[in-house]
Amino acid sequence: MSPVLQTLADLVRINSINSSYEGGPGEKEVAAYVRCFFEQRGIQVWEQEVFPGRNNVIACVPGRDPSRRIVFEAHMDTVSIKGMTIDPFDPVIRDGKLHGRGAVDDKAGLAAMMHAVADIHASGELPPCEVWLAAVVDEEFSFRGVVKLCEGLKADAAVVAEPTEFKCVIASKGVLRWRIRTKGKAAHSAKPHLGINAITAMSRIVLALNEDHERMQQVQHPLLGPGTCNVGVIHGGVQVNFVPDEAVIEIDRRLLPGEEVEAVLAHYQSLLAALMKQHPDVIAEMEQPMLQDWSFQTDANAPLVQLSRDVLRGMNREDSVSGVPFGSDASKFSRLGIPTILFGPGSIDQAHAAIEYVECDEVEAAQAFYTQIARRFT
């Protein structure tokens, strides 16, 4: 295997399931590997504590202009291995694909970035500006690693590794998740008129959300399409011969650039208020969000985007800009006003999958892409 694929195989062998998931040890062992990789090459590296025992790892190569900085960022954690039908920690290569949990999300991008930074350092030629590689924790649960990294961060550009099928991604949807709870009145199912059925009330809300979602399709983003709303979880009732006095749904709303969390929640609150006014048996409340993350969009004319497209043309690759529906660490850099792109090998369709893999040649090509960006960004 090439050096970058050997590093990727080493990373896949390490269980770094996010510790918020059952049986997850966290990123500590991968962090130690990344730190050792740079220390052995004489590259400045340090750690940044996010949680006890869970640290971001940051490596730095000085640039000719110390006042400017480009950040390459990838996450070290993975999702769980539940449902996998291959050995999650055995990086077998078959048909030009390296398999295992984290192979495509996000250890391929991490390995490629590590070797790009190592190549820049080994060349002995200073890049135009300072180059950081940040390997962060907790992307797969609550984004606390990148949030910590961004505290006081100054940078002129950021490249975030995610599986983008080797496309330059300049926009992604945000995500907002919250619960709605309906209250009813318990009674014996033989006399349901003595109670108030919280599930029946919730059904009205679900139908209203579905109608609202259909109206949402009329607003289309040129790269991302429409926003979406999905009721993914529903709970209610105690047993079949009770009139249920409570029901709960969990909602996943994908946000377009320009949509703010407060305004979106206010919209759903007004929808709920109108429904309760129309149907007195609907008694409902919205809970505080369980998760919120911003969308992001970078100007297609930004120097980082134009450079990325030029590098892709030089590699005889598709150079158009794209958008993706999934969330990532990119939005936190963008929120700081840092021009940001998502770019990496492999497809999101293989991430979190029963058989996760990444194409080996794309990992090697990604290393070359990141190296060119670091060498040419001014």
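The values are calculated or read from the model by the stated rules, or taken from the named source; none is laboratory data. Just so it is clear, the structure is predicted and the values come from calculations on it, not from any experiment. Neighbour counts run over all protein chains shown; Cβ positions are idealised from the backbone, glycine included. Just the protein is used for accessible areas: all its heavy atoms, side chains included, with ligands, DNA and RNA removed. Shrake-Rupley method; radii C 1.70, N 1.55, O 1.52, S 1.80 Å.
Quick notes on this one:
- Checking the Cα-Cα distances for K173/K277; K107/K167; K28/K107; K185/K277 against a 22 Å cut-off, the pairs over it are K173/K277.
- FRET efficiency for the R41 to R13 pair, using the beta carbon distance and R₀ = 22 Å, is estimated at 0.60.
- D281 versus E250: modelled label distance in nm, points set 7 Å from Cα along the beta carbon direction: 2.8 nm
- For the chain, the longest principal axis of the Cα atoms and the long axis of helix 360-376 meet at an angle of about 70 degrees.
- As a fraction of the 1.4 Å probe accessible area of the stretch 252-325, surface on carbon and sulfur atoms comes out at 51 percent.
- Length released on extending from E211 to A263, taking residue separation times 0.36 nm less the Cα-Cα span: 16.8 nm
- Equivalent ellipsoid semi-axes - Cα gyration tensor, the chain, angstrom: 44, 23, 18
- Virtual spin-label span in nm between A273 and V238, 7 Å along Cα→Cβ: 3.3 nm
- Sites listed here are trypsin sites (Lys or Arg not before Pro) in the stretch 79-145 whose DSSP assignment is loop and whose Cβ has at most 16 other Cβ atoms within 10 Å: K82.
- Estimated distance in nm for a label pair at R376 and M315, the labels positioned 7 Å out from Cα along Cα-to-Cβ: 1.1 nm
- Build a GNM of the chain with springs between Cα atoms under 10 Å apart, and of E27, E362, E211 the one that fluctuates most is E211.
- Between H213, H115, H99, the Gaussian network model of the chain with springs among Cα atoms under 10 angstrom shows the greatest mean-square fluctuation at H213.
- For the chain, with +1 on Lys and Arg beta carbons and -1 on Asp and Glu, the positive-most of V12, L133, P257 along the dipole: P257
- With every protein chain in place, the stretch 166-214: carbon and sulfur % of accessible area (1.4 Å): 54 percent
- Antiparallel DSSP beta bridges within the chain, percent to nearest 5: 70 percent
- Accessible area expressed per residue, the stretch 306-365, with surrounding protein chains retained (probe 1.4 Å, Å²): 38 Å²
- Within the accessible area of the stretch 9-94 (1.4 Å probe), percent carbon and sulfur: 49 percent
- Restricting the stretch 134-210 to GluC sites (Glu not before Pro) that sit in a DSSP loop and have at most 12 other Cβ atoms within 10 Å of their own Cβ leaves E151.
- Extension gain for the segment A32 to V147, taken as residue separation times 0.36 nm less the Cα-Cα distance, is 39.3 nm to one decimal.
- The stretch 181-304, accessible area per residue, ligands and nucleic acids excluded (1.4 Å, Å²): 57 Å²
- Entry comment: accessible area of the stretch 84-135 is 31 Å² per residue, from protein heavy atoms only and a probe of 1.4 Å.
- Dipole check for the chain: with +1 at the C-beta of Lys and Arg, -1 at the C-beta of Asp and Glu, and the Cα centre as origin, the magnitude is about 640 Debye.
- Max mean-square fluctuation residue, GNM over the chain, Cα-Cα springs under 10 Å, options V175, V240, V324: V240
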